[in-house]
Structure formats: C-alpha cells, structure tokens
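*Asks:* Structure in structure tokens, see below.
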Amino acid sequence: MVGLGAFGGWWFRRVGWVTVWGMRLIAPAKLTINLRVTGVRDDGLHLIESEMVTLDLADELTINSIDGPSQLRFAPTPEAEGLPTDGTNLIRKALDLMGRQAKVVVRKNIPSEAGLGGGSADAAAIFRWGGMSDPTIAARLGADIPFCIVGGRALVSGIGEEVEPLPFKPMTFTLMTPPLACPTGAIYQAWDDLGSPEGENGNDLEPAALKVVPELARWRDKFGDETGQTPRLAGSGSTWFVTGAHAGPTHRVVQTIPATLT
C-alpha cells in the first residue's frame, strides 16, 4: 500500500509498513532592483550596493536526510535542462558545507543564468533547512545567497554578506527572460575589462552584460516597445524587467513577497 500525506512543509509516504518522512522547501527567486559595483577586493571579489526583493516565482525542493552520500536530481522541466547534479551544483555545495547528507529532488521553475538567483535560492533553502544562517559562510558559495536566506526586501552590500532588511513594499513587475545565458563570472570580468563603467539605468553590470551577450540589446528593445518602458537588467542578466503588469506571450508578471513567506 502506498499513501501520501502532508502537513505544513512536511510530507510522509507509506510503503507497506514503512513510513518515509521528508520536507518540502520553497526557494523563491530574487530581483535586483538596482546594483552599483563599488570596488574590488584584493581577492578579486566585487563589492556591491544593491536593493533586492523576493518574488512569488519559486523552485520547489523535496528533501530527505539520508546516511549515505547526498543525491540530487531535477524533475523534468524546461528550466532544469542541462543543470549539473554533481558537486558543482550549489545544492550539493551547501550540503557539503554543513556536513549534511540528503536526497534532494528539485522542481525548477526559476530560469538559470537569468539574474534571478535560481541557484542561490536553492542553496538558501538548503541552508534554512539545515539551520545555517551565517551570511559570511553563505557568501562563500555566492553573493546572492545571504539575501535569499533572509528574503523580503533589503539593502545588500559588501560581497553580498551584509543584508539590511527594509520594510516590505508590495510591488508588481513584469519579467522577460530571453533564451540567452549570462554567466555571472564572465559579466563581472567584462565589467573590469571595460574600466568599471556605471550603468545608465541603475545597474552597473548592464554595459558588461551587453558586451558579453550583444543579443541582449535586441530583446531589451523589443520588450521596451511592448511595454512602453525602459527595461532594466536583473543582476547580471539575462532577464529584463519593468514595473507594473504587462501581459504578453514572453512576459511573466510577478509580485514581491515578504520575508515571512520565504
């Protein structure tokens, strides 16, 4: 006999006389509303000042503690295509950093390499599950992870480890994610190579992203024509966003959510 039940974030499955317990985790995307790169540390990591918010777009993780080596797989969704499940994945890195072993299944809804913190959100969910909230440790894996642990709305500075919560504001945005990958490391390297430019639209990484992925400009202009606004780049890209709700076949309307829902 197989049965399924759930309460809160926990679920259980009965197989014969055995009950297997697990937990469902929600990993919300983040949106970088503005981003200034203020310097570079001696170790090459970039210092930032940014306002970030949590969105109602989220990955879903199912996790079970296990005794053996950690296991990771993705449910078949378009956003999961090509994602690694080995030790290079941030989920595996977060588990290793905490010294925990688990079986994790991810339903990926946040596009990867799109500037929405998909991998960081997943790692943050694992850290919350494991009770790890130290932002300095979390920042070792990625600059967005400390904010994703806290969630809501915040000013983020340093290399991402300094998170100052701000009062929640209900906001609506429309996202448009082109079928283009923007590797964060390559974007920051291009920002260095370009001589540390300031972005004209609130994001210092925008000129660098356009240098690395010139095709972004065509998608930006198309999105601007469709919405009547000047699109802004989300983080290191590739997602463009505008304020308000604008329906369209390639558009996704999202809302901000408070930290209590992350």
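The values are calculated or read from the model by the stated rules, or taken from the named source; none is laboratory data. Predicted model only: the values in this text are computed from it and were never measured. Every residue, glycine among them, receives a Cβ derived from its backbone with ideal geometry; neighbour counts consider all protein chains shown.
*Asks:* Arg92: buried (at least 16 other Cβ atoms within 10 Å of the Cβ), at pLDDT 95 or above, of a type outside the set (Ser, Thr, Tyr) and under 18 Å from Ala259 (Cα atoms), yes or no?
*Replies:* Criteria not met by Arg92.
*Asks:* Just for segment 95-114: of the residues that are small (Gly, Ala, Ser) and at pLDDT 95 or above, which one is surrounded by the most Cβ atoms within 10 Å (Cβ to Cβ)?
*Replies:* Step by step, filter segment 95-114, then rank; the result is Ala102.
This table checks each residue for (1) touching a Leu at 6+ places or on another chain (Cβ under 8 Å); (2) small (Gly, Ala, Ser).
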| site | (1), (2) |
| --- | --- |
| Gln101 | yes, no |
| Lys108 | yes, no |
| Gly115 | yes, yes |
| Gly118 | no, yes |
| Ile126 | yes, no |
| Met132 | yes, no |
| Ala138 | no, yes |
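*Asks:* For Val163, all conditions in the list (1) over 13 Å from Leu61 (Cα atoms); (2) more than 16 Å from the chain's Cα centre (by Cα); (3) aliphatic (A, V, I, L, M) hold save one; what is the number of the exception?
*Replies:* Among (1) over 13 Å from Leu61 (Cα atoms); (2) more than 16 Å from the chain's Cα centre (by Cα); (3) aliphatic (A, V, I, L, M), Val163 violates only (2).
*Asks:* Hey, could you check segment 42-67 for residues that are hydrophobic (A, V, I, L, M, F, W, C) and not in a strand (DSSP E or B) and say which is farthest from Gly152 (Cα to Cα)?
*Replies:* It comes out as Ile66.
*Asks:* Could you give every pair whose Cβ atoms fall below 7 Å, whose first residue belongs to segment 166-185 and is under 14 Å from Val212 (Cα atoms), and whose second residue is among the β-branched types (Val, Ile, Thr) and assigned to a loop (DSSP other than H, G, I, E, B), counting only separations of at least 6 or pairs across chains?
*Replies:* Close Cβ pairs (under 7 Å, with a partner that is among the β-branched types (Val, Ile, Thr) and assigned to a loop (DSSP other than H, G, I, E, B)) amount to Leu180/Val213; Cys182/Val213.
*Asks:* What number of residues within segment 146-183 satisfy the criterion of being among the hydrophobic types (A, V, I, L, M, F, W, C) and farther than 19 Å from Thr256 by Cβ?
*Replies:* 4
*Asks:* Return only the number of the condition from (1) under 30 Å from Ala245 (Cα atoms); (2) modelled with pLDDT of 95 or more that Glu79 does not satisfy.
*Replies:* The single condition Glu79 does not satisfy is (2).
*Asks:* Looking at (1) more than 16 Å from Glu49 (Cα to Cα); (2) of a type outside the set (Phe, Trp, Tyr); (3) touching a residue at least 12 places away in the same chain (Cβ under 8 Å), which one does Leu205 not meet, given that it meets all the others?
*Replies:* Every listed condition holds for Leu205 apart from (1).
*Asks:* Can I ask one more? So, of the residues in segment 67-89 that are within 18 Å of the chain's Cα centre (by Cα) and acidic (Asp, Glu), which turns out to be surrounded by the most Cβ atoms within 10 Å (Cβ to Cβ)?
*Replies:* Ranking the candidates gives Glu79 first.
*Asks:* With respect to Thr54, is the statement that it is under 17 Å from the mean Cα position of the chain (by Cα) and of a type outside the set (A, V, I, L, M, F, W, C) true?
*Replies:* Here the answer is yes, as Thr54 does meet what is asked.
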